[in-house]
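Chemist: Can you read through this structure? Questions will come right after.
The values are calculated or read from the model by the stated rules, or taken from the named source; none is laboratory data. This structure is a prediction, so every number in the text was calculated from the model and none was measured. Neighbour counts are summed over all protein chains in view; Cβ atoms, including those assigned to glycine, are modelled from backbone coordinates with ideal geometry. Each accessible area value is taken on the protein alone, full model and side chains, heavy atoms only, with ligands, DNA and RNA left out. Shrake-Rupley method; radii C 1.70, N 1.55, O 1.52, S 1.80 Å.
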Amino acid sequence: MFSSQLTEDQMVLQDMSRKFSANEIAPVAAKHDQDSSFPVDIVQSAIELGLMNLTLDPDYGGSGLSMLDACIVVEELAAGCAGTTTSLIGNDLGLAPIAIAGTEVQKQQFIAPVIEQKGLASFCLTEPSAGSDFAGVRSKLTKVEGGYRLNGAKQWITNSGYAKQFAVFATLDVSLREKGMCCVIVDAKADGVTLGKHEDKLGQRASDTRGITFDDVFISQANLVGAEGKGFEIAIATLDHVRPLTASIAVGLSRRAFEFALEYAK
């Protein structure tokens, strides 16, 4: 049976996260929001404290927290700034497809180095014509010797301006919809990768959000995660994995909004 009473370890984790949020995130939240600037120093500090890569396996450098423990951390961080926290959970999203469906070799190649080098990864699913109905992605993979050529565009991609690699969902055949979708890992500096401008958003302004264009980018066969046609399943599993963290951002943000209102009312 689930208990709402936190364990001693969870209370320690909550206290550490709350102090980090209050001391490191909250004092500069308004500045990052006003400037729409990415909180590089906060990201690096969070990595050093184990407050990033929360749900990723310790064998590859992650913190290895349970989902409940990760949600406790994220709620506290989000009380300081929702945009910053969105950036801080980016790797739990961007590296999850590999953790879920990658081979051991791929986990060592595409998860461990990103975490070891204190880097970022992005999850590239949404397109201008495929948002909620992401089975309709139009980014195209064409088979060539040794792998694929990727052409297409993604939008609203979190941390993309600072990421080392992208988990990209594209299709071998648009007419097949979800049955043609694949997941491939793309080096952010690969030839043919072009980043769009940072979006000037109404909120979440500390989170770097951009479009990405892929122009005949070569993808090695070794960078295919899972089998051809399994990309939709991997995307669904990834979104299921990260949704509790996203919900926890909302809880932390709404809690802080209530606290502000209470302070004002008094």
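Chemist: Tally time: how many residues in region 138-164 are of a type outside the set (Lys, Arg) and without any contact (Cβ under 8 Å) to a residue 60 or more places away in the chain? Write out each step before concluding.
Modeler: Going through region 138-164, the residues of a type outside the set (Lys, Arg) turn out to be 139, 141-142, 144-148, 150-153, 155-163.
From what is left, the residues that are without any contact (Cβ under 8 Å) to a residue 60 or more places away in the chain are 142, 145, 155-157, 160.
Within region 138-164, residues that are of a type outside the set (Lys, Arg) and without any contact (Cβ under 8 Å) to a residue 60 or more places away in the chain number 6.
Chemist: Can we say ALA237 is under 16 Å from ILE98 (Cα atoms), among the small types (Gly, Ala, Ser) and under 18 Å from the mean Cα position of the chain (by Cα)?
Modeler: Yes: the conditions hold for ALA237.
Chemist: Residues in region 209-250 that are more than 30 Å from LEU77 (Cα to Cα), open to solvent by less than 50 Å² (accessible area, probe 1.4 Å) and either outside any helix (DSSP H, G or I) or charged (D, E, K, R) (or both): how many?
Modeler: Total meeting the criteria: 8.
Chemist: Hand me the list of strands (runs of 3 or more DSSP E) wholly inside region 103-193 holding 3 or more residues that are closer than 25 Å to ASP208 by Cα, open to solvent by less than 30 Å² (accessible area, probe 1.4 Å) and β-branched (Val, Ile, Thr).
Modeler: Ranges flagged: 181-187.
Chemist: Please determine whether any residue of region 83-95 is in a helix (DSSP H, G or I), among the hydrophobic types (A, V, I, L, M, F, W, C) and under 16 Å from the mean Cα position of the chain (by Cα). Full working, then the answer.
Modeler: Residues of region 83-95 that are in a helix (DSSP H, G or I), as a first pass: 83-88, 90-94.
Keeping just the survivors that are among the hydrophobic types (A, V, I, L, M, F, W, C) gives 88, 93.
When the remaining residues are screened for being under 16 Å from the mean Cα position of the chain (by Cα), the result is 88, 93.
Within region 83-95, one or more residues are in a helix (DSSP H, G or I), among the hydrophobic types (A, V, I, L, M, F, W, C) and under 16 Å from the mean Cα position of the chain (by Cα).
Chemist: How many of the residues making up region 194-208 are crowded, with 20+ Cβ neighbours inside 10 Å, of a type in the set (D, E, K, R) and closer than 18 Å to GLN165 by Cα?
Modeler: 1
Chemist: Under 7 Å by Cβ, and 6 or more places apart or on different chains, what pairs join a residue from region 12-33 that is more than 15 Å from VAL73 (Cβ to Cβ) and among the acidic types (Asp, Glu) with one that is assigned to a helix (DSSP H, G or I) and open to solvent by less than 50 Å² (accessible area, probe 1.4 Å)?
Modeler: ASP33/GLY83
Chemist: Let me ask something else. Looking at (1) in a loop (DSSP other than H, G, I, E, B); (2) closer than 20 Å to ASP92 by Cβ; (3) of a type outside the set (Phe, Trp, Tyr); (4) touching a residue at least 60 places away in the same chain (Cβ under 8 Å), find the lone condition where ASP200 falls short.
Modeler: Of the numbered conditions (1) in a loop (DSSP other than H, G, I, E, B); (2) closer than 20 Å to ASP92 by Cβ; (3) of a type outside the set (Phe, Trp, Tyr); (4) touching a residue at least 60 places away in the same chain (Cβ under 8 Å), the odd one out for ASP200 is (2).
Chemist: Residues that are in contact with a helix residue (DSSP H, G or I) (Cβ under 8 Å, 6 or more places away or on another chain) and without any contact (Cβ under 8 Å) to a residue 24 or more places away in the chain: does region 128-137 have at least one?
Modeler: yes
Chemist: I need a count of the residues in region 45-69 that are in a helix (DSSP H, G or I) and buried (at least 24 other Cβ atoms within 10 Å of the Cβ).
Modeler: So the answer is 1.
Chemist: For region 173-193, how many residues meet the condition of being more than 16 Å from LYS140 (Cα to Cα) and over 15 Å from the mean Cα position of the chain (by Cα)?
Modeler: Start the filter on region 173-193 by keeping residues that are more than 16 Å from LYS140 (Cα to Cα), which leaves 187-191.
Next, from what is left, pick out any that are over 15 Å from the mean Cα position of the chain (by Cα): 187, 189-191.
Total meeting the criteria: 4.
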